[in-house]
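One structure is given below, encoded as structure tokens.
The values are calculated or read from the model by the stated rules, or taken from the named source; none is laboratory data. On a predicted model such as this, the values are computed, not experimentally measured, just so you know. Here the Cβ is made from the backbone with ideal geometry for all residues, glycine too, and neighbour counts use every protein chain on show.
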Amino acid sequence: MGKLKEFFPNVPRIALTATADEITRVDIIKNLNLENGKVFVSSFDRPNIEYTVKIKDNEKKQLLNFIKQEHRYDSGIVYCISRKRVDEVAAYLKKEGFHALPYHAGLDKKIREKNQEKFIKEESVIMVATIAFGMGIDKPDVRFVAHLDLPKSIESYYQETGRAGRDGLPADAWMVYGLKDIVQLMQFIDKSDASPEQKRIEHQKLNSLIGYVEAINCRRKILLDYFGEELKDNCKNCDNCLQPPVTYDATIDVQKVLSCIYRTQTERYGFGGGHIINILLGKDDEKIKKFNHDKLSTFGIGKEVSEAQWKSIIRQVIILGFVDMDMLYSTLRTTPAANDILRGKRKIELRKFILEGKTKLEKPARGSKSLLTADEDLDLFNELKKLRLSFAREENMPPYIIFSDKTLIEMVNLKPETLDDMAEISGVGEHKLKKYGTAFLNVINQH
């Protein structure tokens, strides 16, 4: 592509991209020989999207609870890392009563096309997909995008979550992740055929993503800062703003777990996180007795900390670089960086693990319901959606072409009584008023 300048020196050229950080923008300019060109960057802020990140704890159940509580009647996208996982999650949601469809490169082309058409033209469809889905999809009423696995970079995450809420109404970007996600992505980079420089860049991008998911401050600030944009105040529309994480001085806890790992590791082998936690909790375990780990000074010294909190601590010390995890065997070994902690030369503050449901998140309702004032209004909204869908099916077009969700919500809130009243609603032009106005008025007046 860079040769185009040599072949056509007098032909104007333009390079366009939806999502690129500073490093990527510099790379584009360099490789396309656009050093003298002007750069235009629009805002990356999507204020209507609420960002939420959680630790994996039976992630399919977590996803189900999220959809039931926040988006029972909405369209959404669920991203998974593999084809097999896509099929499993789609089947799981379908069994739970949702209109869920799979989409990945392993499906027959006709099935993919059919599922994509249903997603665009039907209401309340959930597409469970790999990253193969999404390019060129411009469905404005996607109310949520969920990630059941960690994406490879902030760019990927931003681009995929950006498919939610394109109509400007409230939407959710919801994600769960676990330690294995991080280790798997690190290993994928290390084992790739990329050059050392490219691997360094990919690790840098992954570290930025890890910093985002582990953050205790405003997530939107972190996202915008990554793309070179400043947000002065907290967004008040992410999980960390709505429910600030609890942190604590974890130095002693970290010393305990590092000491336990150090005392169990040998030159030939180590042990996994579950075994380390069992030692700290002083459990009566055959494996512990087999290796005489019940004789260690660290046996039973962590009984005052819950198993879930120990899992959280181990995840965080691995991310902080105090412990290495072998991806093949999931065994743990301390790194030289752990020495200062063990010697008491450094203090560590960590996020405290809090079970879901123990605290109540103060936030507005998500999706279309958040703009409606009563349950009967939501019922009317759903009736109008049904009518819209019937017209859309007759005319073989996406429902939002008939009327957008924003227009339907305005109909519910204003409850027009005449066609003249209906004509005052945003999105109801003369043609649509004549074609659909009476039918929608009848539903409103009969409700």
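Of the listed requirements (1) surrounded by 19 or more Cβ atoms within 10 Å (Cβ to Cβ); (2) among the β-branched types (Val, Ile, Thr); (3) under 25 Å from Ala164 (Cβ atoms), Val428 misses just one: (3).
Would you check if Ile301 is modelled with pLDDT under 95 and either β-branched (Val, Ile, Thr) or surrounded by fewer than 19 Cβ atoms within 10 Å (Cβ to Cβ) (or both)? Show your work before the answer.
Working: modelled with pLDDT under 95: no; either β-branched (Val, Ile, Thr) or surrounded by fewer than 19 Cβ atoms within 10 Å (Cβ to Cβ) (or both): yes.
So Ile301 fails the test.
Listed here are the residues, each with its yes/no results for (1) touching a residue at least 40 places away in the same chain (Cβ under 8 Å); (2) in contact with a helix residue (DSSP H, G or I) (Cβ under 8 Å, 6 or more places away or on another chain); (3) of a type in the set (D, E, K, R); (4) surrounded by fewer than 17 Cβ atoms within 10 Å (Cβ to Cβ).
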| site | (1), (2), (3), (4) |
| --- | --- |
| Leu206 | yes, yes, no, no |
| Leu224 | yes, no, no, no |
| Asp249 | yes, no, yes, yes |
| Lys256 | yes, yes, yes, no |
| Thr264 | no, yes, no, no |
| Asn278 | no, yes, no, no |
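Could you please find all residues in region 284-302 being without any contact (Cβ under 8 Å) to a residue 24 or more places away in the chain and closer than 18 Å to Gln255 by Cα? Give the derivation first.
First, the residues of region 284-302 that are without any contact (Cβ under 8 Å) to a residue 24 or more places away in the chain: 284-290, 292, 294-295, 299-300.
Across region 284-302, the qualifying residues are Phe299, Gly300.
Rundown of residues vs (1) of a type in the set (Asp, Glu); (2) within 30 Å of Gln187 (Cα to Cα); (3) out of contact with any strand residue (DSSP E or B) (no Cβ under 9 Å at 6 or more places or on another chain), yes/no style:
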{"residue": "Pro47", "(1), (2), (3)": "no, no, yes"}
{"residue": "Glu50", "(1), (2), (3)": "yes, no, no"}
{"residue": "Lys54", "(1), (2), (3)": "no, yes, no"}
{"residue": "Lys84", "(1), (2), (3)": "no, yes, yes"}
{"residue": "Asp87", "(1), (2), (3)": "yes, yes, no"}
{"residue": "Phe98", "(1), (2), (3)": "no, no, no"}
{"residue": "Tyr103", "(1), (2), (3)": "no, yes, no"}
{"residue": "Phe119", "(1), (2), (3)": "no, no, no"}
{"residue": "Val142", "(1), (2), (3)": "no, no, no"}
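Identify the residue in region 201-248 that is outside any helix (DSSP H, G or I) and within 13 Å of Asp21 (Cβ to Cβ) and, among all such residues, is nearest to the chain's Cα centre (by Cα).
If we filter region 201-248 for residues that are outside any helix (DSSP H, G or I), which is where we start, we get 214-218, 227-238, 243-248.
So of that shortlist, the ones also within 13 Å of Asp21 (Cβ to Cβ) come out as 227-229.
On the way: Phe227: 18, Gly228: 21, Glu229: 21 Å.
For region 201-248, the residue satisfying everything is Phe227.
Selection of region 108-144 for residues being of a type outside the set (Gly, Ala, Ser) and free of Cβ contacts under 8 Å to residues at least 12 places away in the same chain yields Asp108, Lys109, Lys110, Ile111, Arg112, Glu113, Lys114, Glu117, Met135. The number of residues in region 327-356 being within 17 Å of Gly274 (Cβ to Cβ) and in contact (Cβ under 8 Å) with a residue 40 or more places away in the chain comes to 7.
Residue by residue, here is whether (1) on the phi > 0 side of the Ramachandran plot; (2) assigned by TED's automatic domain parsing to the domain that holds Tyr177; (3) of a type in the set (S, T, N, Q) holds:
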{"site": "Lys295", "(1), (2), (3)": "no, no, no"}
{"site": "Thr298", "(1), (2), (3)": "no, no, yes"}
{"site": "Gln309", "(1), (2), (3)": "no, no, yes"}
{"site": "Ile318", "(1), (2), (3)": "no, no, no"}
{"site": "Leu328", "(1), (2), (3)": "no, no, no"}
{"site": "Leu332", "(1), (2), (3)": "no, no, no"}
{"site": "Gly344", "(1), (2), (3)": "yes, no, no"}
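Do we find a residue being surrounded by 14 or more Cβ atoms within 10 Å (Cβ to Cβ), in a loop (DSSP other than H, G, I, E, B) and in contact (Cβ under 8 Å) with a residue 12 or more places away in the chain anywhere in region 52-59? Break it down stepwise before answering.
Quick first cut of region 52-59, residues surrounded by 14 or more Cβ atoms within 10 Å (Cβ to Cβ) only: 52-57, 59.
Restricting the remaining residues to those that are in a loop (DSSP other than H, G, I, E, B) gives 56-57.
Adding the requirement that they be in contact (Cβ under 8 Å) with a residue 12 or more places away in the chain leaves 56-57.
Yes, region 52-59 contains a residue that is surrounded by 14 or more Cβ atoms within 10 Å (Cβ to Cβ), in a loop (DSSP other than H, G, I, E, B) and in contact (Cβ under 8 Å) with a residue 12 or more places away in the chain.
Any residue in region 178-195 that is modelled with pLDDT of 95 or more and in contact with an Asp or Glu (Cβ under 9 Å, 6 or more places away or on another chain)?
Taking region 178-195 and keeping what is modelled with pLDDT of 95 or more, we get none.
No, that holds for no residue.
For every residue, the table says whether it meets (1) within 22 Å of Asp57 (Cβ to Cβ); (2) surrounded by 21 or more Cβ atoms within 10 Å (Cβ to Cβ).
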| position | (1), (2) |
| --- | --- |
| Tyr157 | yes, yes |
| Thr161 | yes, yes |
| Ala164 | no, yes |
| Gly168 | no, no |
| Ala173 | yes, yes |
| Lys180 | yes, no |
| Ser192 | no, no |
| Ser195 | no, no |
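Exactly one residue among Lys38, Lys121 is at pLDDT below 95, within 30 Å of Asp225 (Cβ to Cβ) and among the charged types (D, E, K, R), and that residue is Lys38.
The requirement of being part of a loop (DSSP other than H, G, I, E, B), in contact with a helix residue (DSSP H, G or I) (Cβ under 9 Å, 6 or more places away or on another chain), of a type in the set (Asp, Glu) and not assigned by TED's automatic domain parsing to the domain that holds Pro140 is fulfilled somewhere in region 408-421, by at least one residue. The C-beta contact set for region 410-439 (first residue over 16 Å from Lys385 (Cβ atoms), second residue part of a loop (DSSP other than H, G, I, E, B), distance under 6 angstrom, 6+ apart or interchain) comprises Met422/Pro416; Met422/Val428.
Name every residue in region 14-23 that is at pLDDT 85 or above and surrounded by 10 or more Cβ atoms within 10 Å (Cβ to Cβ), in order of residue number. Within region 14-23, Ala15 is the sole residue that qualifies.
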